[in-house]
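Structure first, then comments.
The values are calculated or read from the model by the stated rules, or taken from the named source; none is laboratory data. Just so you know, these numbers come straight off a predicted model, no measurement behind them. Backbone-built Cβ (ideal geometry, glycine too); neighbour counts: all protein chains shown. Areas reflect the complete protein model, heavy atoms only, side chains present, ligands, DNA and RNA absent. Shrake-Rupley method; radii C 1.70, N 1.55, O 1.52, S 1.80 Å.
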Amino acid sequence: QSDLIHVFNGIPFTTRSSAELLRSLDEFQARHDDLLLVSYPKSGTHWLAEIMKHLYSSKVSITSPIEFGNVSKLEELSNIPTKRIIPTHLNFNMLPADFKAKKCKAIYIIRNPKDTAVSLFHYYRDNPNLPTIEGWGTYFDMFLHGEVVCGSWFDHILSWEEHRNEMGTLFLYYEAMKKDIFQSVKKISHYLGINITDNEVHEICKKTSFSEMKNNVEKENTDPNNTVCSLTSNKKLIFRKGTVGDWKQYFSNKQNRLFDEMYNTKMDSSNLAKHIHYDN
Ligand code: A3P
C-alpha cells in the first residue's frame, strides 16, 4: 500500500506500531485492575478517555495505546506504578491473552459506522501518518472492504462481540452519549464501581463537551502531544465536528445501498446491532 503501512495478521497497521511490538504483545503481563478502552478508530475514543480522566481524577494513568511504539513498550507499561487505563484499537483476536485470563474490565465505544467512515476519511487526509488517498469514492470502497488501517469495522466489532462475556465488556454508543451524556456517565461510573454525586456527573459532562475539549486543545491547556489513538500523537487532529449524521453529506444513494447491504449481511446475527444508532 505505502511506506507508512505494514500488514500484520492480515490487518493494516501504521509503522507507528512496530512488527516486533505486535509480535510480542502476547507476552504482555496484565494486572487485575487494568481497564481497557477499546474502539475502532474515530468512534469517540478521546471523548471517553476524557470522561475516565475526570471519573478517576487521580491515581490512574491513561497510557498510550498498547499497540503504539516498539518492543520497549511492554516494559514501559510494566513500570507504571498506578492503575492503568490502556487504550487500544486492536481486534479482540490480537489482544494480549493475559487480559482475557485476568478478566480485565473493558469498555468498547461504538459509533454509527457511516459516521466513523467519514471521520476516518478526514483523518486520512489530515494525518501525515496515514497514506494519501485519492478521494471519497476510492476511500469508500477501501473502508467497506476493510482495506483501511485497523482493518474492517465489521470484523472489529464482531470480534469483540463474540467474546463479550469473557471479560464482561461494557459497550457504549456514541450517539446515545450525544443524546444523554448524563446517563452515559452514570452508566460508566456504575460499571467501574465508582460512587459519584449527580453534581459531579454534571461537572464531568461540562468538562468533556466537544467545545470544551476542542478549546482546551487550541489553547494548549492539555498536552497536545499525547493521544489515545495509535495513529497520531497530535491531539489537534482529533476534534473536527463531533456531530451525528455527517455521513449524509458524503454518501451517494448507491454508496448508501452498498453499505446497507454489507451491514445487513455482516451484522445479521449481531445482538449489538440492535443498539447501534445506524439510521441517524
Ligand atoms: P468527527 O471527525 O466526526 O468530528 P476518536 O477519538 O476515536 O479518534 O474519534 C474522533 C471523533 O470523535 C471525531 O469525530 C471527533 O470530533 C469526535 N469527538 C471528539 N471529542 C468529542 C466530544 N467531546 N463529543 C463528541 N464528539 C467528540
statement: Residues of the range 199-247 being small (G, A, S) and either assigned to a loop (DSSP other than H, G, I, E, B) or more than 9 Å from the ligand (Cβ to nearest atom) (or both), in sequence order, are S209, S230, S233, G242, G245
task: Go through the range 186-208 and count every residue that is of a type in the set (V, I, T), over 17 Å from the mean Cα position of the chain (by Cα) and closer than 15 Å to K53 by Cβ.
output: 4
task: Can you confirm whether the range 32-55 contains a residue that is touching a strand residue (DSSP E or B) at 6+ places or on another chain (Cβ under 6 Å), more than 14 Å from the ligand (Cβ to nearest atom), open to solvent by 30 Å² or more (accessible area, probe 1.4 Å) and touching a residue at least 40 places away in the same chain (Cβ under 8 Å)?
output: yes
message: Tell me whether the range 98-105 contains one or more residues that are within 12 Å of the ligand (Cβ to nearest atom) and either modelled with pLDDT under 95 or surrounded by 21 or more Cβ atoms within 10 Å (Cβ to Cβ) (or both).
response: no
statement: Going through the range 47-79 in order, the residues found to be aromatic (F, W, Y) and under 15 Å from S24 (Cβ atoms) are F68
statement: Turns out the helices (runs of 4 or more DSSP H) fully within the range 111-198 with at least 2 residues that are acidic (D, E) and surrounded by fewer than 20 Cβ atoms within 10 Å (Cβ to Cβ) are 153-162
- prompt: What tally of residues in the range 248-269 results from selecting those that are in a loop (DSSP other than H, G, I, E, B) and either farther than 22 Å from S152 by Cα or among the charged types (D, E, K, R) (or both)?
  reply: 1
- prompt: If you check every pair at least six apart or on different chains, which have Cβ atoms under 7 Å apart with a residue in the range 209-238 that is closer than 21 Å to I181 by Cβ first and a residue that is near the ligand (Cβ under 7 Å from one of its atoms) and of a type in the set (D, E, K, R) second?
  reply: M213/E50
- prompt: Can you find a residue in the range 3-17 that is open to solvent by 40 Å² or more (accessible area, probe 1.4 Å), outside any loop (DSSP other than H, G, I, E, B) and either within 16 Å of the ligand (Cβ to nearest atom) or at pLDDT 95 or above (or both)?
  reply: yes
- request: Inspect the range 141-149 for any residue being more than 18 Å from V38 (Cβ to Cβ), more than 18 Å from the chain's Cα centre (by Cα) and within 16 Å of the ligand (Cβ to nearest atom) and give the result as yes or no.
  value: no
Index of the failed condition, S61 passing every other in (1) part of a helix (DSSP H, G or I); (2) away from the ligand (no atom under 16 Å from the Cβ): (1)
- request: Taking only the range 56-75 into account, find how many residues are within 18 Å of the chain's Cα centre (by Cα) and either basic (K, R) or surrounded by fewer than 17 Cβ atoms within 10 Å (Cβ to Cβ) (or both).
  value: 1
Members of the range 181-198 found to be more than 15 Å from the ligand (Cβ to nearest atom) and either touching a residue at least 24 places away in the same chain (Cβ under 8 Å) or touching an Asp or Glu at 6+ places or on another chain (Cβ under 6 Å) (or both), listed by number: S189, Y191, L192, I194, I196
